[in-house]
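The values are calculated or read from the model by the stated rules, or taken from the named source; none is laboratory data. These numbers come from a predicted model, not from an experiment. Ideal geometry is used to build each Cβ from the backbone, glycine not excepted, and the neighbour counts take in all protein chains shown. In case anyone asks, the SASA skips ligands and DNA or RNA and just uses the protein heavy atoms, side chains included. Shrake-Rupley method; radii C 1.70, N 1.55, O 1.52, S 1.80 Å.
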Amino acid sequence: MRRKKHKHTRRAVKFYRIHHGFREPYKVVLDSSFVHALLQANLKEATDLTAGLLGGQVRLFTTRCAMHELKALGKDYADTYKACKKIQLYKCGHDDKAEPTTDCLRSLIGNAF
């Protein structure tokens, strides 16, 4: 089963490389829930996981909106906040007022295509 999943992933990455000009290092924007899930599952570094999934080098980013959201969630997410501080920030353009992370990521994806 795992081999089949990796085959589909490689095909999808190849499609985006050919048709949309994606190239290494792939820029991956992480939201706070993804980082929190990694920490809860005690998985290894996010860089290694995404690089293995995409089959190439990756650069991980998070947004200020995601950081504001984690800060507002309180002490339960303090470890996730510390982990996100290690990730490079991507300028989302919402510096003056933070938006919900889903809206922030939607606006970034809309700008990319």
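Rounded to the nearest 10 square angstrom, LEU49 shows an accessible area of 60 square angstrom against a 1.4 Å probe.
Database note for the chain: Cys without another Cys beta carbon under 4.7 angstrom, CYS84, CYS92. Between ARG59, ARG11, ARG23, find the one with the highest GNM mean-square fluctuation for the chain; connect C-alpha pairs within less than 10 Å. Largest GNM mean-square fluctuation: ARG11.
Helix 101-112 and the longest principal axis of the C-alpha atoms of the chain enclose an angle of approximately 50°.
For the chain, what percent of Cα pairs sit more than 22 Å apart? Taking all Cα-Cα pairs of the chain, the fraction more than 22 Å apart is 40 percent. In the complete set of protein chains, residue-level accessible area for LYS27 is approximately 140 Å², probe 1.4 angstrom.
For LYS44, the solvent-accessible surface computed with a 1.4 Å probe is close to 130 Å², ligands and nucleic acids excluded. Cα-based radius of gyration for region 1-61, normalised by 2.2 N^0.38 Å, reads 1.20. Relative to the longest principal axis of the Cα atoms of the chain, the long axis of helix 64-73 lies at roughly 60 degrees. Let me know the shape class of region 51-113, please: from the alpha-carbon gyration tensor, a ≥ b ≥ c as square roots of the eigenvalues, rounded when a/c is under 1.5, otherwise prolate if a/b is greater than b/c, or oblate. The shape class here is oblate.
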